[in-house]
Structure formats: structure tokens, C-alpha cells
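The values are calculated or read from the model by the stated rules, or taken from the named source; none is laboratory data. Note that the structure is predicted; figures quoted are calculated from it, not measured. Using ideal geometry, Cβ is built from the backbone for each residue, glycine included, and neighbour counts are taken over all protein chains shown. All accessible areas refer to the heavy atoms of the entire protein, side chains included, with ligands and DNA or RNA removed. Shrake-Rupley method; radii C 1.70, N 1.55, O 1.52, S 1.80 Å.
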There are 2 protein chains.
Amino acid sequence: MTVLALEIGAAGIAAVRVADDVDDDEIRRSPVPPHDPWQACHDLLTEVAAGGKVTSVAIACAGPIDMAAGIVAPAGIPQWRAGFDIVAAAAAAFPDATVQLALDGVALALAERTIGAMQGVPDALAVSASDRIVGGLTIGGFAVVGRTGNAGNIGHMLIPGCDEPCSCGGRGCLDALAGGLAVCRWARGQGWAGESLAELAVAAAGGDRVAVAAVGRAGAALGRAIVSTAALLDIDLVVVGGELAAAGRSLWKPLGESVAAHARLSYLPGLRVVPSPLRGIAVLAGAGVMAHAAVM
Amino acid sequence: MTVLALEIGAAGIAAVRVADDVDDDEIRRSPVPPHDPWQACHDLLTEVAAGGKVTSVAIACAGPIDMAAGIVAPAGIPQWRAGFDIVAAAAAAFPDATVQLALDGVALALAERTIGAMQGVPDALAVSASDRIVGGLTIGGFAVVGRTGNAGNIGHMLIPGCDEPCSCGGRGCLDALAGGLAVCRWARGQGWAGESLAELAVAAAGGDRVAVAAVGRAGAALGRAIVSTAALLDIDLVVVGGELAAAGRSLWKPLGESVAAHARLSYLPGLRVVPSPLRGIAVLAGAGVMAHAAVM
């Protein structure tokens, strides 16, 4: 009985065979190839299956998705812009398997709820801030999936202080200010010479003036989205991971100040915002939880 | 068997005996008195009970509330600022009754879901825009209550274009721009001579320039909060009622433009924003649904 988890993000894909213990070393990763992204997914899954009979596959994909139809159209993968029926493709590749699909943010929430910082906290928000802002919610202890599977997508909430055009076609979204692509673009506009959010986070942690300002701007915006979500959904814990979280105090200080300034309702003073303990593997781990549940 | 519903808002209280048909004429209303608001609630409930043996009372109250503790502390009633144990007071007054408490917005959503515009639509947001902005959510067909009972409170989401101080102690909340108290304050600052939101809505519907601008500003802000909520929770219907909704095209045009400009994600183009059919009685009707359910 071989159980597989697949994560598809804008920057890359990752797969793992789900066992009682998942070790970082067992995760196989690949960038999104310029042609045929599904072939790359299939190759990774086949590699981690290592010849075993695959009985369960769970896929966590960047949004938007259509969960009922089994279709994904992640913003970062242009080949799938019109929608790719990934559930059908996986079912054809692994005919003995139960195939499940979830938004990356929903998988993130499931992982934090099951093995991360949201254990024992029924009402919470999980955020991953890397190239894009990913989010997932639990209410009353259960992950919120939503009508089409896209609930928890905090990245397209409208944020005071942001009027940037967004990849979604609108403007003023959190992702257009605090998503890693936007943060790096802003920093380069201020003279920073690096490329990736991981580099920027290191530079900010090291005190680089522009990097600190770029990360701080994102942190303040993220804090506003967190308070709006907490006020709307009466939650008391937010877990933040992703590459931006590695920037240390230059993220957490402005984020905390933004939360403290706005979270003034009587049910919000207990609102805690904490770093994720699931460094970089939360989405894949959430897919693993789903895949494992199907064969329990 | 006498079943009672009570609504407590910042501006007034209302009670009704719940029968198969509730008629507007049967609702008893009172302003919030300067002293002893509970006595006024008790008097109204006793009046509508008309000597019957009360077996169920449901209370829908402006937030914030502490549903588990049975305590309310609505922003507009200073006597209860430190919290009033309304469930205990109602249980003492009606010892044979099951007493329930919900946020006004949750009752609103319950009413729209049961007898209003959200029937048959599992994932939706109900908004009432009067002196304050009240909201309630259903996800997967069920009203979202939240950890302390305050879920759905859209009025304290942070809105681009708003940096006003808010009654909650923060700033930039939807309620500080689009709540009726704020809308009237802004209009008076622009030279409008009226007092109430109801007057302002009539003036806007009649083409008064300042009233139209005041309502339009609120409508655009409300549209942004609606899009943020729809993106976050993957909902496809929003029902808007309250006194502001009576302003007609001067509300609905800027609201619709704001929604159209921002709702660009692939799961949002079907997002509908419609007027509530439950003119002014939605919160009380929701309390009625709760009270009735307890004795079914």
C-alpha cells in the first residue's frame, strides 16, 4: 500500500511517499518545467512510489482550483491557464488509487491543525508567505474548503495602503503588496540588487536597509489582512510560515504592531500570531494527511 | 406554548411572539432607554407574551457578545459596556423557557438562509447596513457562529481608502466609513442638514448631491469588504439590507462597480450582490427561527 502526496506551487513541485515519519530527505522536488508540467509531476510521483502499488494520491495545488471538477489553474503555470484536469490525469496514471485535490492553503491549514501549531485550537488561520501569499482556515476544528475549494485565500483580500495591480486582474490585493514577487519588485525599485525572496529575507535579517523596509511594508499589510480575517471569523490564532517568515524581527515587529493597532474588538485581544513550526513542508504534509486519511 | 424573539440593536429593541406567520404589526419596538435597558427588554417580552407560558426565548444582540457565557456588550449601549449577563436575566424572567443568544449578524444570516434571499445558496454573506454594519455568514449551508459567537462581523474589516478612527478603538474599519453614524457625520461635514441615515437614504434617492456622494462613498467601501470576504471564503451570494439599501441606485451603482473592479479571481465572476427581501425584520426573524427551532 503506497500513499503519495504531491504539492504544486508556482515555483516548483514536490512529492513524497507518506509513511509514519516523513523526513525532509525523502521529499523529491523539481522546478515547474517549461513544457508539460504534468509529466514532471508524474515523474516525481513515480520516483517516490518506487514501484509500490499506489492506493492513494492527494494533490495540494496553488489556486484557483475547481475541486468538484478536479481542475487546477494555478496563476504561476501558464500551460494550465485554461484549466488542467489533474484528478483525471492522476487517476489514469494510478488506476488503483483514490485521488484527492485541495487548495494549497487548505492543505496548509490541515497540516498545522494535525501536526503543527494549530493543534488543539479549533478556530485559526494558517498563512504561508513566499512568492505568493497562501492561506487556509479552520473553523470549529475543521478546515474550511468553500464552494469551489478556494476558501482561505487570504492573498486577494483588499488591504489599506495598497493600490498595486494584482496578478488576478484586480488591484489592491494583499498578494500585490506582500507576496514575494511583489516584495522583491518593490525592493529592486529601491535599489536592492538581489533576486529571490529567500535572499531578501536573509538581507533583512542581516539589517540591509532596503530589505528591512520591503519586509516591513509586507509585514504591516499582512497584519491588516490578519486582523480583518480574525474580526470577520472570530479566530484567535494565526500561524505564519513561508520564506518571508525567515526575515525575523524585520517581519514580526511591523506585523505585530499592525495587529496590535487594529485588533481592538473585545474578542480579539487574545489574538496570537506565531511562526509555523513546519518549515517549508506544511503544504506537502497537509496533502500527506489527506492521502493517509483515505486509506485509514 | 409561547415562543419569543428579541432583537437588541444600538438604536432600539424589538420583540415578537413567534407564530407561523409573523406580521410587522405584531412586532413591538422601543428605543434603548437611558436607564435599565434590560427592564425595557423585559417589558417588551412580557407584552408580546400576553400571559402565555413562555417556553423559548431567542435573543439576537449587537456585538460583541460572549455566546458561551451568555453575556452581551453592544457598542451602542453604555450601561452594558462591562458586559451584561442577558441569558441569566432572561432565564430568571422566564423560568420555563430555553434561552438562546446569538450575534445580530448570525441571526440575520439565519433569516436570509431560512426565509430570505439565501435559501438554497449554501455559501453566502448577509449584510445589514444601518447605523452600524452588521454581517453574518453561511458556509456549506450552516451559519458560522465562531469561537465566541462573533463570526460574520464584517464591520471591522480594514478597508482601502479608510483611515477614520472607529468605535472599536482601532481605525480604518468598514464601520468607521460605511456605518450609518459615520456616513451621516461625513455628510453633515459636507453641509448636509439632516440627522438620520433613513433621511440621508431618502435624500440620496432623490438626487441630493451631498447625500449621493456620502452613500456612494459607503457603497464603494462596502463593495471592497464584500470582495475581500468573497475571495477569502469562496462565496457567491451577498444579500444587503438595512437603511442604507433604501438609497437605491446611489448605493447599488458604486457598490456594483467596486465589486466588478476587484472580483477578478476565477471563482468570483458569478458573485451576486442582491437586496434583502426581509425589509428591516431580518435580525428579529432570525431570532424567531432560533427560538422556534428549540421547541420543534
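Numbers for the structure displayed
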| item | result |
| --- | --- |
| Odd one out for A:Ala109 among (1) in a strand (DSSP E or B); (2) under 24 Å from A:Asn150 (Cα atoms); (3) open to solvent by less than 30 Å² (accessible area, probe 1.4 Å) | (1) |
| A:Ala294, sole failed condition from (1) touching a Pro at 6+ places or on another chain (Cβ under 9 Å); (2) of a type in the set (Gly, Ala, Ser); (3) open to solvent by 20 Å² or more (accessible area, probe 1.4 Å) | (1) |
| Selection status of B:Gly140, within 25 Å of A:Gly141 (Cβ to Cβ) and not β-branched (Val, Ile, Thr) | yes |
| Qualifying residues in region B:141-168 (those that are more than 7 Å from every other protein chain (Cβ to nearest Cβ) and in a strand (DSSP E or B)) - the one nearest to the chain's Cα centre (by Cα) | B:Ala143 |
| Criterion (at pLDDT 95 or above and at negative phi) met by exactly one of A:Asp24, A:Asp20, A:Asp96 | A:Asp96 |
| Test result for A:Leu237, within 21 Å of the chain's Cα centre (by Cα) and either more than 23 Å from B:Ile226 (Cα to Cα) or surrounded by fewer than 24 Cβ atoms within 10 Å (Cβ to Cβ) (or both) | yes |
| Residue count, region B:183-211 (criterion: in contact with a helix residue (DSSP H, G or I) (Cβ under 8 Å, 6 or more places away or on another chain), surrounded by fewer than 24 Cβ atoms within 10 Å (Cβ to Cβ) and aliphatic (A, V, I, L, M)) | 5 |
| Subset of region A:212-234 [open to solvent by less than 10 Å² (accessible area, probe 1.4 Å), in contact with a Gly (Cβ under 9 Å, 6 or more places away or on another chain) and not β-branched (Val, Ile, Thr)] | A:Ala218, A:Gly219, A:Ala221, A:Gly223, A:Ala225, A:Ala231, A:Leu232, A:Leu233, A:Asp234 |
| Count of residues meeting criterion [away from chain A (no Cβ under 13 Å) and assigned to a loop (DSSP other than H, G, I, E, B)] in region B:121-140 | 2 |
| When residues of region A:149-181 are limited to those that are in contact with a His (Cβ under 8 Å, 6 or more places away or on another chain) and open to solvent by less than 10 Å² (accessible area, probe 1.4 Å), the one nearest to B:Glu257 (Cα to Cα) | A:Gly170 |
| Some residue of region B:265-273 being modelled with pLDDT of 95 or more, open to solvent by 10 Å² or more (accessible area, probe 1.4 Å) and among the β-branched types (Val, Ile, Thr) | yes |
| Where a residue in region A:170-182 is within 14 Å of chain B (Cβ to nearest Cβ) and its partner, wherever it lies, is open to solvent by 10 Å² or more (accessible area, probe 1.4 Å) and aromatic (Phe, Trp, Tyr), with Cβ under 9 Å and at least six apart | A:Leu177/A:Trp186 |
| Matching entry among A:Glu257, A:Glu243 (being acidic (Asp, Glu), open to solvent by 10 Å² or more (accessible area, probe 1.4 Å) and closer than 30 Å to A:Val99 by Cα) | A:Glu243 |
| Selection within region A:228-254 - of a type outside the set (S, T, N, Q), out of contact with any Lys or Arg (no Cβ under 9 Å at 6 or more places or on another chain) and within 18 Å of A:Leu158 (Cβ to Cβ) | A:Ala230, A:Ala231, A:Leu232 |
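Residues checked against (1) within 21 Å of B:Ala231 (Cα to Cα); (2) within 14 Å of chain B (Cβ to nearest Cβ); (3) among the β-branched types (Val, Ile, Thr); (4) surrounded by fewer than 21 Cβ atoms within 10 Å (Cβ to Cβ):
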position	(1), (2), (3), (4)
A:Ala50	no, no, no, yes
A:Lys53	no, no, no, yes
A:Ile59	no, no, yes, no
A:Gly63	yes, yes, no, no
A:Ile71	yes, yes, yes, no
A:Pro74	yes, yes, no, no
A:Gly83	yes, yes, no, yes
A:Ala90	no, no, no, no
A:Asp96	no, no, no, yes
